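Read through the structure below, which is laid out as structure tokens, and then see the notes.
The values are calculated or read from the model by the stated rules, or taken from the named source; none is laboratory data. Quick caveat, the model's predicted, so the values are computed rather than measured. All Cβ positions, glycine included, derive from the backbone under ideal geometry; neighbour counts span all protein chains shown.
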Amino acid sequence: MRVGTGEHTYEVQDNWGRLPDGWSYLEVSGVAVDRQDRAYVFNRGKHPVIVLDRDGAFVGSWGEGAFTRPHAATMAPDDTLWLVDDGDHTIRHCTLDGKVLLTIGTPNKPAPKWSGTPFNRPTHVALAADGSLYITDGYGNTRVHRFTADGRHLGSWGEPGTDPGQFNLPHNVGVDRQGRVYVADRENFRVQIFDGGGRFVGQWNNLYRPCGLYVDRQGDQDRIYVGELCSSIGVSEGIQNLGARLSIFAPSGERIARIGAPLPGSGPGEFVAPHTVAVDSRGDVYVGEVSYTIRGKGLTPPRELRSLQKFARAR
């Protein structure tokens with residue numbers, strides 16, 4: 001099955017990712033890809049980091065017992081991982097086999113809610129070309145924080161609200177090769193764009209609860225992938241074209257492709273809750289979903305739904 005358009009046409013690799021018998025993702029909150037195109041699947045099951053090769057074969061796992069609520073994974077250029085745990089309010093810098101190199105934030109000691117101080121349920125990390133970090137913060141805050149790679153706080157911006165530079169759940173963040181910072185301002189239904197110092201540059205509207213965000217800096221021009229959640233309120237139930245899709249943008253804001261169906265679903269190329277996106281060296285796209293939280297808990301009995309798909313770039 002093919003989805004997408006133009007240069008962003010993909011073959012759906014349904015049921016990609018083979019786990020050992022009895023294992024489960026539960027749901028995939030983060031995914032990141034190393035230079036060998038191995039996928040590191042950060043999930044809320046019993047094995048928080050599951051490693052798969054590019055064909056989906058199981059390589060290994062780590063992190064058992066170390067995380068409270070896995071939320072996001074970011075691969076650094078040196079093949080190390082930044083992992084965000086919004087349950088214990090920390091960001092961990094790890095080797096690919098799970099050794100913790102640095103922890104930013106104090107485990108289980110959140111900043112006061114809405115205080116603007118790092119961290120209260122942080123959500124994501126992006127790396128700039130100089131190695132500095134941009135961290136969205138998040139469920140219990142309305143800020144973007146900037147840190148050095150060794151964990152020194154450089155500054156913050158944002159406040160609650162709907163005006164430019166204000167946030168209502170800054171859920172994800174990415175940085176392009178020009179140093180522009182893209183923030184998925186989820187409950188304001190927009191992506192805001194800033195310069196590296198936090199000055200507002202612009203925003204993209206016509207998005208439904210933008211949740212996952214990935215800036216692909218490969219090729220001649222950056223591409224920005226935005227996963228949009230499905231509606232989770234009754235008044236919008238059954239209305240078509242409200243989220244549950246992956247949209248692909250040029251830095252200008254032009255939407256150049258979209259994947260997804262008019263309504264949420266679990267068929268090939270359909271989505272419920274695309275929470276995380278990553279792109280490998282061949283342009284293949286990995287999408288993780290928090291489908292259990294959004295839909296599975298409401299089923300009778302509660303049950304796991306599909307939470308990971310791979311889309312292979314058509315050639």
Scanning region 275-315 residue by residue, the ones that are of a type in the set (Lys, Arg) and either in a strand (DSSP E or B) or over 23 Å from Ile233 (Cβ atoms) (or both) total 4
Modelled with pLDDT of 95 or more, under 24 Å from Asp216 (Cα atoms) and over 21 Å from the mean Cα position of the chain (by Cα): does that describe Gly197? yes
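Take Thr68 and decide whether it is among the polar types (S, T, N, Q), surrounded by fewer than 20 Cβ atoms within 10 Å (Cβ to Cβ) and touching a residue at least 60 places away in the same chain (Cβ under 8 Å).
no
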Residue by residue through region 158-171, note down the ones that are within 12 Å of Thr142 (Cα to Cα) and in contact with a strand residue (DSSP E or B) (Cβ under 6 Å, 6 or more places away or on another chain). Gly158, Gly165, Phe167, Pro170, His171
Which ranges mark the strands (runs of 3 or more DSSP E) fully within region 12-84 that have 2 or more residues being closer than 21 Å to Val175 by Cα? 28-33, 39-43, 70-75
The condition from (1) at pLDDT 95 or above; (2) among the β-branched types (Val, Ile, Thr); (3) surrounded by fewer than 19 Cβ atoms within 10 Å (Cβ to Cβ); (4) in a loop (DSSP other than H, G, I, E, B) that Val272 misses is numbered (3)
All but one of (1) within 18 Å of Gln218 (Cβ to Cβ); (2) part of a loop (DSSP other than H, G, I, E, B); (3) at pLDDT 95 or above hold for Ile256; which doesn't? (2)
Of the residues that sit in region 174-208 and are surrounded by fewer than 23 Cβ atoms within 10 Å (Cβ to Cβ) and in contact with a Gly (Cβ under 6 Å, 6 or more places away or on another chain), which one is farthest from Gly155 (Cα to Cα)? Tyr208
Go through (1) among the polar types (S, T, N, Q); (2) under 25 Å from Arg245 (Cβ atoms); (3) touching an Asp or Glu at 6+ places or on another chain (Cβ under 6 Å) for Gln166 and report which single condition fails. (2)
Among Arg190, Arg152, Arg186, which is in contact (Cβ under 8 Å) with a residue 24 or more places away in the chain and among the charged types (D, E, K, R)? Arg186
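Here are Asp88, Asp55: which of them is buried (at least 19 other Cβ atoms within 10 Å of the Cβ), out of contact with any strand residue (DSSP E or B) (no Cβ under 9 Å at 6 or more places or on another chain) and either acidic (Asp, Glu) or at pLDDT below 95 (or both)?
Result: Asp88 is the single residue among Asp88, Asp55 that is buried (at least 19 other Cβ atoms within 10 Å of the Cβ), out of contact with any strand residue (DSSP E or B) (no Cβ under 9 Å at 6 or more places or on another chain) and either acidic (Asp, Glu) or at pLDDT below 95 (or both).
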Looking for something surrounded by fewer than 22 Cβ atoms within 10 Å (Cβ to Cβ) and closer than 25 Å to Gly17 by Cβ - is there at least one such residue anywhere in region 245-259? yes
Test result for Val59, under 30 Å from Arg255 (Cα atoms), out of contact with any helix residue (DSSP H, G or I) (no Cβ under 7 Å at 6 or more places or on another chain) and not basic (Lys, Arg): no
Identify, from the list Pro264, Pro302, the residue that is farther than 25 Å from Ile193 by Cβ, buried (at least 16 other Cβ atoms within 10 Å of the Cβ) and without any contact (Cβ under 8 Å) to a residue 40 or more places away in the chain. Pro264
If you go through region 109-120 one residue at a time, do you hit one that is assigned to a loop (DSSP other than H, G, I, E, B) and among the basic types (Lys, Arg)? yes
